[in-house]
1. Say R0 is 56 Å: what FRET efficiency, to the nearest 0.05, do residue 132 and residue 33 get from their beta-carbon distance?
2. Can you tell me the relative contact order of the chain? Whole percent, Cα pairs under 8 Å, sequence separation 6 or more.
3. Hey, what D do you get for the stretch 125-230 in µm²/s if you plug the Kirkwood alpha-carbon radius into Stokes-Einstein at 10 °C and 1.306 mPa s?
4. Would you mind computing, in nm to one decimal, how far apart the modelled labels at residue 267 and residue 120 are, each placed 7 Å from Cα along Cα→Cβ?
5. Between residue 323 and residue 246, what FRET efficiency follows from the Cβ-Cβ distance if R0 is 30 Å, with the result rounded to 0.05?
6. Counting other C-beta atoms within 10 Å, which of 139, 282, 273 has the fewest, and how do the rest follow?
7. Return the distance in nm (one decimal) between the two label points of a simple spin-label model at residue 46 and residue 173, each offset 7 Å from Cα along Cα→Cβ.
8. Using a basic spin-label model with each label point 7 Å from the Cα along Cα→Cβ, how many nm lie between residue 255 and residue 307?
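Derivation of every value follows stated rules applied to the coordinates shown; laboratory data play no part. Because the structure is predicted, anything quoted here is derived from the model rather than measured. As a convention, Cβ positions derive from the backbone with ideal geometry for all residues, glycine included, and neighbour counts pool all protein chains shown.
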Amino acid sequence: MIRKLIASAAIATSLMVGGVAKAEMTFKPLEGDPQEIVFGIISTESTSNLKEQWLPLMSDMEKTLGKKVKAFFAPDYAGVIEAMRFGKVHLAWFGNKSAIEAVDRSGGEVFVQTSKADGSQGYYSHIITNVANKDINSLKDIFKCDKSLNFGIGDPNSTSGFLVPSYYVFAQNNVDPKECFKTVRNANHETNLMATANKQVDVAANNSEQIGRSKLKAPEAAAKIKVIWTSPLIPSDPMVYRKDLSKELKSQIKAFFLGYGRIGDVAGARKVLSGISDGQGLFMESNNTQLYPVRQLALFKNKLKIESNAEIGETDKKPMLEAINKKLSDLAILASHK
């Protein structure tokens, strides 16, 4: 067992050789625990909608911890990642891809993850179009690639809006969106759904949580959407805090999340959770290992991109692919010891 743990630690270190290790050393260390905890929220929707969902939970957290809890919103995911990197955000809700950036570059650490009201843990990426569009019913209908369609993709740090469709929809089908569509624009999930409903884009990436929330909050828009592709299950969203917070404060924060909806005002907390996303359940124990599958996905995507790039010679491709295969092999070993 000891040997396995040592081997796993060595592999984890090897995975951070290069860009990740260098990035990890660039985050600004905290100078002790903050007097005020800043809670970051990634921009999946408008700030007003996100405030409605998350501020009640922050208020309860403030009462439990006895510390001021302040919300931090940014126009894109990178804004929250960078704020955590420079110590301006101490805790944040991320998707898996943005959590990888926070862990690798911003001194972050996964400590719990979300779940659904039924206890399930996961959601799906979708490709959507307007229900009135009778000519688009599957991926093959958008792969005519005559640059006649406008495509809405997610934030570059979004798991379901960018990474998952980039790999499963485009990389696996050897399609370059920029060469295929008339326009490709980045926007959050809510904006892409509304743009599809209003025929401002022909096709867009989205996810099951946003569609579910829109059915509750914007049913007329949701009724104008049809799904033409669904991804494999994506792990539920992680909550990440700065790993250099004190052990005591991290324990208090983690205890709040794991106790929320389980102890104290259970009914009140569960009502708050039901108003987040498409109806959230209790928080579940987690750690950085939940990111392994998405790390593998990102590596597979890069591997396919290199393999299909005719501008890279075979001599140059070989070491690049060997490096990716080594990282994939290391991740497979780490995943087996989760």
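1. So, using R0 = 56 Å, E works out to roughly 0.55.
2. Across the chain, relative contact order equals 24 percent.
3. The diffusion coefficient I find is 119 µm²/s.
4. 2.8
5. Working from the Cβ atoms, E equals 0.20.
6. 139, 282, 273
7. Computed distance between label sites residue 46 and residue 173 equals 3.2 nm.
8. 5.0
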